[in-house]
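Colleague: I'd like to ask some things about the structure below.
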Amino acid sequence: MNASDFDPNDMNLNAKRVLVTGGAGFLGSHLCAALLEQGHEVLCVDNFFTGRRGNLRYLLNNPRFEVMRHDVTFPLYVEVDEIYNLACPASPFHYQHDPVQTTKTAVHGAINMLGLAKRLGARILQASTSEIYGDPQIHPQTEDYVGHVNPIGPRSCYDEGKRCAETLFFDYYRQHNLPIKVARIFNTYGPHMHPDDGRVVSNFIMQALNGDPITIYGDGSQTRSFCFVSDLIDGLIKLMESPDDVTGPINLGNPVELSIRELADSVIRLTGSKSELVQRPLPQDDPIQRQPDITRAREQLGWSPQVALEDGLKATIGYFQRTAVTAEKAAGQV
Ligand code: NAD
Ligand code: UDP
């Protein structure tokens, strides 16, 4: 830029340097985009285990955006004002692939990012999860419910890793007075989900678009509550911007609950697919029901989801039609 090009009106005096770990993933890429949109400088740190550069393709030319390949289980020395800690595989298929690495990412990653935040005096937000509640015995789940989690099952690397991360966040808060924010994220879906990540929304849409059988695990009566990604990102940013005494944990999710069979019916209807439903065994420790109580988010953040499931599914189906299915066709695989 020439000195003559400098326009003081271009300066955003509220701009911050923001670190997003896991920034190349599904949620992280939308968060990076939203923060850039607000005028911040964004440093995306990712080891690309499940993240993809393609998720960032519209951001790479932005001079306020930087990508660093780094594994958060190793210390990181950068200078930032805020940290969103999202690095961790989130789909059961991916987090069970290398469970030891999943626990390390959740726990060592949290220790490293909290250490960084402590050195910098930076605000830090943890992407925690509804899996904190395990297979819940109260319904809907409120933040004071301590959960019903198997410590030695196939989902434990993720559930217990995330629970330990929450412990670390609150110990840094109490012991070091660190400004922390803990969001318990419920099932979220939307564009940039990995087509092969095995999560139910991506599985069902890909199966429906390819005319393959829709795989219902168990009898499909288990429930989930699905939040569209734009709503979730709005909630994360509102939480980060909330006053210091709002630490969380705070549930972020859409309280509209439905069974997995109802979700399959919606996907078939919206894609116009002729796919049949097939039953597969229910995975071990698969929670039977899940619905967030979002009273705390409504009261403390003024946040509630705005996107109806039908609209969110249409947007997600459109995304997979434009990207995943086209890519497979181009490769001659369908
Ligand atoms: P994702 O798998 O798309 O993104 C995770 C990102 O973290 C990926 O880009 C991956 O490459 C990166 N990563 C993994 N291990 C890493 C490591 N050791 N070092 C650096 N980067 C690493 O998943 P997502 O759905 O975007 O989830 C993001 C966060 O939100 C996760 O922490 C997850 O636990 C949490 N969360 C997501 C949901 C959901 O429904 N999407 C629900 C609850 C919680
Ligand atoms: N599920 C299913 N068919 C699939 C993938 C998932 O019936 O092809 C079910 C799964 O057993 C679970 C629900 O859908 O009950 C949500 O699964 P997902 O892996 O998306 O998320 P999580 O179990 O972590 O909530």
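The values are calculated or read from the model by the stated rules, or taken from the named source; none is laboratory data. Here the structure is a predicted model, which is why all the values come from computation and not from measurement. As a convention, Cβ positions derive from the backbone with ideal geometry for all residues, glycine included, and neighbour counts pool all protein chains shown. Just the protein is used for accessible areas: all its heavy atoms, side chains included, with ligands, DNA and RNA removed. Shrake-Rupley method; radii C 1.70, N 1.55, O 1.52, S 1.80 Å.
Colleague: With a ≥ b ≥ c taken as the square roots of the eigenvalues of the C-alpha gyration tensor of the chain, please select rounded if a/c is under 1.5 and otherwise prolate if a/b is larger than b/c or oblate if it is not?
Modeller: oblate
Colleague: Could you go through segment 176-181 in sequence order and give the Karplus-derived ³J(HN,Hα) for each residue, using 6.51 cos²θ - 1.76 cosθ + 1.60 with θ = phi - 60°, rounded to whole Hz, and x for Gly and Pro?
Modeller: Result, ordered by residue: 10, 6, 6, x, 10, 9 Hz.
Colleague: Using Cα pairs under 8 angstrom and six or more residues apart, how large is the relative contact order of segment 141-251, in percent?
Modeller: 36 percent
Colleague: Anything over 27 Å Cα to Cα? Flag those among LYS118/LYS162; LYS104/LYS181; LYS16/LYS104, in the order listed.
Modeller: LYS16/LYS104
Colleague: Moving on to the next point. For ARG280, what accessible surface area do you get with a 1.4 Å probe? Give it in Å², rounded to 10.
Modeller: Here the residue's solvent-accessible area equals roughly 110 Å².
Colleague: Sticking with this one: How many nm separate the modelled label positions at LYS104 and ARG119, each set 7 Å beyond the Cα in the direction of the Cβ?
Modeller: 2.0 nm
Colleague: Something else about it: Using only Cα atoms, find the angle between the long axis of helix 26-37 and the longest principal axis of the chain, and express it within 0 to 90 degrees, rounded to the nearest 10.
Modeller: Its long axis makes an angle of about 40 degrees.
Colleague: OK, next. If you stretched the chain out fully between GLU37 and LYS314, how much longer would it get, using 0.36 nm times the residue separation minus the C-alpha to C-alpha distance? Show your work: numbers first, answer last.
Modeller: Numbers: separation 277, 0.36 × 277 = 99.72 nm, distance 2.41 nm.
Here the segment from GLU37 to LYS314 would lengthen by 97.3 nm.
Colleague: Among ILE237, PRO287, ILE205, pick out the residue whose Cα is farthest towards the positive end of the charge dipole of the chain, where Lys and Arg carry +1 and Asp and Glu carry -1 on C-beta, about the Cα centre.
Modeller: The listed residue farthest towards the positive side: ILE205.
Colleague: Extension gain ASP212-PHE48, at 0.36 nm per residue separation less the Cα-Cα distance, in nm?
Modeller: Here the answer is 56.2 nm.
Colleague: Looking at the square roots a ≥ b ≥ c of the eigenvalues of the Cα gyration tensor of segment 253-298, which shape do they give, rounded for a/c under 1.5, prolate if a/b is larger than b/c, or oblate?
Modeller: Cα axes put segment 253-298 in the oblate bin.
Colleague: Another one. Counting only heavy atoms of protein chains, what accessible area per residue, in Å², does segment 60-125 have with a probe of 1.4 Å?
Modeller: The answer is 48 Å² per residue.
Colleague: Moving on. What FRET efficiency would be calculated for the residue pair ASN150, ASN12, taking the C-beta separation as r and a Förster radius of 45 Å, to the nearest 0.05?
Modeller: Details: r = 47 Å, r/R0 = 1.04.
Computed FRET efficiency for ASN150 and ASN12 comes out at 0.45.
Colleague: Whole-Hz ³J(HN,Hα) for each residue in segment 260-274, computed from phi via Karplus 6.51 cos²θ - 1.76 cosθ + 1.60 with θ = phi - 60°, x for glycine and proline: what do you get?
Modeller: 5, 5, 5, 4, 4, 4, 4, 5, 4, 5, 6, 8, x, 6, 9
Colleague: Here's a follow-up. What's the carbon and sulfur percent of the chain's accessible surface, probe 1.4 angstrom, rounded to a whole number?
Modeller: With neighbouring chains kept in place, the figure for the chain is 50 percent.
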